[in-house]
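See below for the structure under consideration.
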Amino acid sequence: MKFLLVVLLLRVCHSLTVKVALCQIHSGNDKNRNIENAKTMIDRAASTGASVIVLPEIWNSPYATDQFPVHAEALPPVGWSAGKSGKNAGYGPSAVMLSEQALHHNVVIVGGSVPEISGGSIFNTALVLGPTGEVLATHRKVHLFDINIPGKMTFMESDTLTPGDKVTAFRLPEPLDEVVIGLGICYDLRFP
């Protein structure tokens, strides 16, 4: 398993420090293995004392437009929790694992993003889970990355993905509730 774990200490106000772990995962075609690798990284990050754990974009699938539909899953709404709502309630294994891990480790998990299927469309969607396993926020990537360099490279997220249509921010749970985080995915960064 290829991975990288970076742990940061962020002082968010005069009396509050947050330990954030950034997990980088090399994802392959086996979705179940990708989920297990992410679970292992979350376990490692939690063992460092991180209170916020961040996964990368599209961690449960290869980053290829033809793979997004293969790996897409139904994702839960804000407020859902695997512990309160039944293990899966029809939602995909990525969201269930993230909810269970957040609850197990009593941490916030910014679940990078996964391909989401909803209403016949596929989105690149980030989930944020709180220490109770509850979904605190979801964000659908708004600015899809399309590039066409004739004779060299073509990559068109818009061939497969549907863009989101809103800005997303969430407040961390107590005692970090002074901290508000804005969510963006990849190319969203270029459009503040």
>> If I filter the range 106-120 down to residues being touching a strand residue (DSSP E or B) at 6+ places or on another chain (Cβ under 8 Å) and in a loop (DSSP other than H, G, I, E, B), which single residue comes out as nearest to Val18 (Cα to Cα)?
In response: Val107
>> Looking at Leu161, Leu136, Leu129 in this structure, which one is hydrophobic (A, V, I, L, M, F, W, C), under 22 Å from Asn29 (Cα atoms) and at pLDDT 95 or above?
In response: Leu161
> Taking into account only those residues within the range 79-105 that are assigned to a loop (DSSP other than H, G, I, E, B) and in contact (Cβ under 8 Å) with a residue 40 or more places away in the chain, which is surrounded by the fewest Cβ atoms within 10 Å (Cβ to Cβ)?
Replying inline: Gly79
> Does Gly112 satisfy the condition of being buried (at least 16 other Cβ atoms within 10 Å of the Cβ) and at pLDDT below 95?
Replying inline: yes
> Right, Phe123: more than 21 Å from Met41 (Cβ to Cβ), touching a Lys or Arg at 6+ places or on another chain (Cβ under 6 Å) and either not small (Gly, Ala, Ser) or not in a loop (DSSP other than H, G, I, E, B) (or both) or not?
Replying inline: yes
> In this structure, is Asn32 modelled with pLDDT of 95 or more, of a type outside the set (Gly, Ala, Ser), surrounded by fewer than 21 Cβ atoms within 10 Å (Cβ to Cβ) and part of a helix (DSSP H, G or I)?
Replying inline: yes
> Do you know which of the residues in the range 141-163 that are assigned to a helix (DSSP H, G or I) and under 21 Å from the mean Cα position of the chain (by Cα) is surrounded by the most Cβ atoms within 10 Å (Cβ to Cβ)?
Replying inline: Glu157
> Can you pull out the residues in the range 39-78 that are within 15 Å of Ala95 (Cα to Cα), assigned to a helix (DSSP H, G or I) and touching a residue at least 60 places away in the same chain (Cβ under 8 Å)?
Replying inline: Lys39, Ile42
>> If I ask for residues that are over 16 Å from the mean Cα position of the chain (by Cα) and within 25 Å of Ile117 (Cα to Cα), which ones from the range 164-181 would you list?
In response: Asp165, Lys166
> If you scan the range 50-65, which residues turn out to be crowded, with 18+ Cβ neighbours inside 10 Å and either more than 22 Å from Phe155 (Cβ to Cβ) or of a type in the set (A, V, I, L, M, F, W, C) (or both)?
Replying inline: Ala50, Ser51, Val52, Ile53, Val54, Leu55, Ile58, Trp59
> Which condition breaks for Ile181 when tested against (1) exposed (fewer than 15 other Cβ atoms within 10 Å of the Cβ); (2) assigned to a strand (DSSP E or B)?
Replying inline: (1)
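The values are calculated or read from the model by the stated rules, or taken from the named source; none is laboratory data. Predicted model, so just to flag it, every value in this text is computed and none were measured. In this analysis, Cβ positions are derived from the backbone assuming ideal geometry, glycine residues included, and neighbour counts consider all displayed protein chains.
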